[in-house]
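Reading through the structure tokens given below for one structure.
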Amino acid sequence: MKIAFLGLLLSFSVCSLELEQLNSWFEQAQYRKILTELDQQPTLKQNPDYTAVYIQAMFNVRQREEANTLLNELVVKYPQHSELLYLAGINKIVLASGGNIFNARQRTSDGLQLMVQAVTIDPHNYPAQHALISFYQTAPATAGGSKELAAEQATILAALDPLQGALARIQILILDERLSEAVALIDKHLAVKPNQPDLLAVKASILARQDAYLVAQQLYSQTAEFSVKASQRYSALYQVGRLAVLTNNNVLEGITALSEYIGYYNNTDQSRLNWAKLRLVQLFMLSGSEARAELLFDEIANTTSADEDFMNLKDQVKLQLATSLSD
């Protein structure tokens with residue numbers, strides 16, 4: 001009996017480790033690796049927690065329609081799994097916003113219903129809570145939007161977790177373009193928790209929108225320093241580097257930040273990776289390191305992208321680099 005019990009404990013330990021590994025790969029944007037690994041071990045996909053990570057990887061490699069088909073089956077199979085309900089709901093809404101107008105209304109309605117179910121089953125599913133509040137705040141009334149419901153849901157969330165409630169209220173203000181009020185509310189909470197990375201990141205994003213790049217850069221540096229989540233840390237480091245280009249200030253800090261970002265995400269599916277390399281090329285040029293700039297630019301010289309902004313900037317940087325090297 002003891003041997004059987006020990007074996008059961010070990011099996012749970014292995015599953016926990018494997019799920020932790022999947023989440024680590026997801027944090028590092030290794031989405032195709034997740035899909036490959038779970039396709040090769042289909043028994044793991046019988047666990048809804050594993051499947052939830054698999055679905056999110058599908059989102060990130062633009063397999064949303066395929067994910068929708070799979071999720072339709074999963075929410076029937078696991079009607080009490082909050083994360084799968086949330087993923088199914090948000091995916092339908094995303095598809096509705098950019099898809100066929102004839103099924104957009106039904107998908108939006110279904111998506112809203114699924115998100116409501118997700119937060120009813122697990123009120124502590126904070127991503128689902130924030131998505132639902134944002135939907136209520138921004139969607140037209142004919143699609144289920146309601147600023148009153150957004151405010152009510154934010155109040156419910158604040159009772160569960162004061163920080164999450166504050167972040168929800170801040171997001172409502174941002175969506176209403178009441179940016180000064182949002183910053184004031186952030187500052188009120190930062191006075192109590194000065195190193196809270198979610199608050200720092202949101203304030204930084206607002207100030208960057210207002211072209212207050214230097215202060216935003218400092219706040220992103222603090223966000224990276226105090227972040228617990230890898231995704232939040234590296235997103236902040238990317239912004240530190242990007243803003244260093246725009247301001248031509250703290251160039252060396254920007255180089256360090258983008259170098260760390262690229263080192264973490266290199267050879268992954270991170271969509272900003274080539275942007276980070278292009279920004280780092282610019283910073284090398286600003287620092288007078290043309291040789292390093294040329295070497296890094298060679299890595300992305302033949303890159304093509306549907307992002308016109310990236311392609312246009314790449315052409316500009318190529319011309320600037322050629323001019324600099326010829327001087």
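The values are calculated or read from the model by the stated rules, or taken from the named source; none is laboratory data. Quick caveat, the model's predicted, so the values are computed rather than measured. So basically every Cβ, Gly included, is an ideal-geometry build from the backbone, and we count neighbours across all protein chains shown. What goes into the accessible areas is simple: the full protein's heavy atoms, side chains included, and nothing from ligands, DNA or RNA. Shrake-Rupley method; radii C 1.70, N 1.55, O 1.52, S 1.80 Å.
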Reduced Cα scattering model of the chain, Debye log10 I(q)/I(0), q = 0.08, 0.11 Å⁻¹
-0.47, -0.87
Which GluC sites (Glu not before Pro) does the stretch 162-234 hold that lie in a coil by DSSP with at most 16 other beta carbons within 10 Å?
GLU177
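How big is the dipole moment of the stretch 176-327 about its Cα centre under a simple scheme where the beta carbon of each Lys and Arg is +1, that of each Asp and Glu is -1, and everything else is neutral? Debye, nearest 20, please.
Roughly 420 debye for the stretch 176-327.
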How much of GLU260 can a 1.4 Å solvent probe reach, expressed as accessible area in Å² and rounded to 10?
60
With a ≥ b ≥ c taken as the square roots of the eigenvalues of the C-alpha gyration tensor of the stretch 60-138, please select rounded if a/c is under 1.5 and otherwise prolate if a/b is larger than b/c or oblate if it is not?
oblate
How do LEU280, LEU149 rank by accessible surface area computed with a 1.4 Å probe, from largest to smallest?
LEU149, LEU280
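What value in Å³ per residue do you get for the convex hull of the alpha-carbon atoms in the stretch 16-122? All intermediate terms of the calculation are to be shown ahead of the outcome.
Values: hull volume 10.4 nm³, N = 107.
It is 97 Å³ per residue.
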Using a 1.4 angstrom probe and counting only protein chains, how large is the accessible area of PHE310 in Å², to 10?
10
Specify the angular offset, from 0 to 90 degrees and rounded to the nearest 10, of the alpha carbon long axis of helix 179-190 from the longest principal axis of the alpha carbons in the chain.
80
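Would you please classify the overall shape of the stretch 263-327 from the alpha carbon gyration tensor, given that a ≥ b ≥ c denote the square roots of the eigenvalues, rounded means a/c under 1.5, and beyond that prolate means a/b larger than b/c while oblate covers the rest?
oblate
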Sorted by accessible area (1.4 Å probe), largest first, how do ARG272, ARG209, ARG242 line up?
ARG209, ARG272, ARG242
Build a GNM of the chain with springs between Cα atoms under 10 Å: which of ASN302, ASN72, ASN103 gets the top mean-square fluctuation?
ASN302
So how much accessible area does VAL215 have, in Å² to the nearest 10, using a 1.4 Å probe?
70
Over the Cα atoms of the stretch 157-239, what is the Rg over Rh ratio if Rh follows Kirkwood?
0.95
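Using unit Cβ charges (K, R positive; D, E negative) and no other charged atoms, how large, in debye to the nearest 20, is the dipole of the chain about its Cα centre? Working shown, then result.
Details: 26 positive and 34 negative charges, 76 e Å.
Rounded to the nearest 20 debye, it is 360 debye.
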